[in-house]
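Since the structure comes first, as structure tokens, the remarks are kept for the end.
The values are calculated or read from the model by the stated rules, or taken from the named source; none is laboratory data. Because the structure is a prediction, the values reported are computed rather than measured. Ideal geometry is used to build each Cβ from the backbone, glycine not excepted, and the neighbour counts take in all protein chains shown. Keep in mind that these areas ignore ligands, DNA and RNA; they rest on the heavy atoms of the full protein, side chains included. Shrake-Rupley method; radii C 1.70, N 1.55, O 1.52, S 1.80 Å.
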Number of protein chains: 2
Amino acid sequence: MTSEGAKTIEQRSATSDAHADVTFFSSWFCPYAQRAWIALEEKGVAYKYVEINPYEIGADGDTKRALSLEQKRERYPEFVRCSPRGLVPALNHGKPVWESLVAAEYIDEAFDGPPLMPSHPHERALVRIWMAHCNDRVIPHYYKALMAETEEGRQAARDNFINGLYELGSFMHSLSPSGGCFLGGDRFSLMDIALAPWWQRAAVVLRHYRGFKFPEDGPVWQRLHSWFDAVAGRPSYQRTVVSPEELIRNYAGYADNSATSDAAKKFRDS
Amino acid sequence: MTSEGAKTIEQRSATSDAHADVTFFSSWFCPYAQRAWIALEEKGVAYKYVEINPYEIGADGDTKRALSLEQKRERYPEFVRCSPRGLVPALNHGKPVWESLVAAEYIDEAFDGPPLMPSHPHERALVRIWMAHCNDRVIPHYYKALMAETEEGRQAARDNFINGLYELGSFMHSLSPSGGCFLGGDRFSLMDIALAPWWQRAAVVLRHYRGFKFPEDGPVWQRLHSWFDAVAGRPSYQRTVVSPEELIRNYAGYADNSATSDAAKKFRDS
């Protein structure tokens, strides 16, 4: 790896237990893990990075056969104690926390630093509504657009992905027509963190394998593109970024439908 | 309707706008809406109940054909302003809030009354982890157990439903082996609210249509059964309950696979 993320991993992997408030279990390529990772960087938490390789290792390197939970427990016992289903991200902050958005919100609540949630209950509710929207009505279609085996299936998934983003963008545009930098307005929040890893992957991976391009015309898409420009300029995001070349290589298994990850299984069967 | 819920609806529907802090858009039979409803009752919010019938009405009553969003907007304009996808529950508290768990958490944050979330960030993270678990790994299997057309499909869904509950129960048992009343321990929380409506429906509806019975043996199942006894004794829950007869009648369309609700479509296709 040669990306900014790789440099951060190198540096944070060398953090000694004595200097870390948190142990962060992650996999360099995982967009779910990246959510918690951005939150750690944004809040300035002192964390130790522990890379989890969820695949069997063969003679030539990774086999891309996903380890069973039992195999993960043997190879990474502390990780599985912090993540009972063996999924990244997970944190050990004296006590375990797992699930990507829960971990990101926990980091916000447990550490000082810039708040990642608005202070007013109604604004917090909007962040939570649109995080759920990303999970339910945007992200699944990213995976399906990559994994569907027919052109018809890919087209339907691409349309759904675009529609889900357009719904989100329309709402954001209605709240701040003059264009707040971030999805919730002027301040970077968990809503931005919830979506950013997949926006980058759509721009790089879906484009490479499926010729995908985001629409550009009209105020809603302009709002979304200027949003991602603002995210991409944020140091916390930059320090977690995987290079386009590495992303493309990493997603080959999704594009030829040989992937065995939990996300691949979930969205292939659904 | 003759249930406790019906009495509450009658009383709260008569609340005048002038005496209501919140307008609550609900459908009497909807377990998602019941989550927000329990939260309103638990916090003692002054709310006006507005019943939303999402079905077309024919000569003999409800047709069970779901209304389109456009038809809902015509029939219930204020509701669709508060719930852009036309789903219950939704709140109007000066500003709109929708999505069942988001609405329940909003009610907790925006109103006085007994807190529905623990005060420590780690305990809050656990509530959020297990709410996500209910949504992802318990509730879908309830619907599939009811809707699957083959005995094989029903059996698989029943097993998954039981496994999802057992995972949750095991964790709760490990946290409070002596048996806290509620899932998070001594205090009623959003975690209890997230699961209770489906536990009741499994006990009534799955039992009636599919001969389902919860396991009873062992400390984990005892923990879960004593949990539901504690929930069932709670006034806020009682005031939202649909009678077994009405639930059975309401779910007939799921059991014969003619249901057209959003939940039915979502879990049938997945």
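Residues of the stretch B:139-162 being buried (at least 19 other Cβ atoms within 10 Å of the Cβ) and either within 14 Å of another protein chain (Cβ to nearest Cβ) or touching a Cys at 6+ places or on another chain (Cβ under 8 Å) (or both), which ones?
Within the stretch B:139-162, B:I139, B:P140, B:H141, B:Y143, B:K144, B:A157 qualify.
Take the stretch B:8-28 and flag every residue that is under 30 Å from B:A202 (Cβ atoms) and open to solvent by less than 30 Å² (accessible area, probe 1.4 Å).
Within the stretch B:8-28, B:T8, B:I9, B:V22, B:F24, B:F25, B:S26, B:S27 meet the criteria.
Does any residue in the stretch A:202-225 that is touching a residue at least 12 places away in the same chain (Cβ under 8 Å) come within less than 8 Å, Cβ to Cβ, of a residue that is of a type in the set (S, T, N, Q) six or more places away or on a different chain, and which pairs are these?
From residues that are touching a residue at least 12 places away in the same chain (Cβ under 8 Å), the pairs are A:V220/A:S170.
Only one residue in A:A196, A:A157 is within 23 Å of B:R128 (Cβ to Cβ) and either in a loop (DSSP other than H, G, I, E, B) or in the same structural domain as A:K265 (by the TED database) (or both). Which one?
Within the list A:A196, A:A157, the selection yields A:A196.
Could you run through the stretch B:111-134 and say how many residues are more than 7 Å from chain A (Cβ to nearest Cβ), closer than 21 Å to B:A33 by Cβ and either among the basic types (K, R) or open to solvent by 60 Å² or more (accessible area, probe 1.4 Å) (or both)?
Final tally of qualifying residues: 0.
Pick from the stretch B:1-48 the residues that are among the acidic types (D, E) and touching a residue at least 12 places away in the same chain (Cβ under 8 Å): which of them is farthest from B:V97 (Cα to Cα)?
B:E4
Give just the number: which of (1) touching a Lys or Arg at 6+ places or on another chain (Cβ under 9 Å); (2) surrounded by fewer than 23 Cβ atoms within 10 Å (Cβ to Cβ) does A:M191 not satisfy?
In the conditions (1) touching a Lys or Arg at 6+ places or on another chain (Cβ under 9 Å); (2) surrounded by fewer than 23 Cβ atoms within 10 Å (Cβ to Cβ), A:M191 misses (2) alone.
Within the stretch B:39-86, count every residue that is under 19 Å from the mean Cα position of the chain (by Cα) and open to solvent by 50 Å² or more (accessible area, probe 1.4 Å).
Matching residues across the stretch B:39-86 total 3.
May I ask you to list the residues in the stretch B:152-190 that are more than 22 Å from the chain's Cα centre (by Cα) and acidic (D, E)?
Result: B:E152, single match.
For A:H173, all conditions in the list (1) more than 13 Å from chain B (Cβ to nearest Cβ); (2) not in a helix (DSSP H, G or I) hold save one; what is the number of the exception?
(2)
Of all residues in the stretch B:88-110, count the ones that are assigned to a helix (DSSP H, G or I), hydrophobic (A, V, I, L, M, F, W, C) and either more than 7 Å from chain A (Cβ to nearest Cβ) or surrounded by 24 or more Cβ atoms within 10 Å (Cβ to Cβ) (or both).
Result for the stretch B:88-110: 4.
Between residues in the stretch A:161-185 that are within 18 Å of A:R201 (Cβ to Cβ) and residues that are of a type outside the set (S, T, Y) and open to solvent by 40 Å² or more (accessible area, probe 1.4 Å), which pairs lie under 7 Å by C-beta distance while being six or more apart or on different chains?
Sorted first by the residue in the stretch A:161-185, then by its partner, the pairs are A:I162/A:P215; A:G164/A:R137.
Can you report the number of residues in the stretch A:163-186 which are surrounded by 18 or more Cβ atoms within 10 Å (Cβ to Cβ) and in contact with a Leu (Cβ under 9 Å, 6 or more places away or on another chain)?
Total meeting the criteria: 7.
Taking the condition of being of a type outside the set (K, R) and farther than 21 Å from B:D186 by Cβ, how many residues in the stretch B:208-226 meet it?
Total satisfying the criteria: 9.
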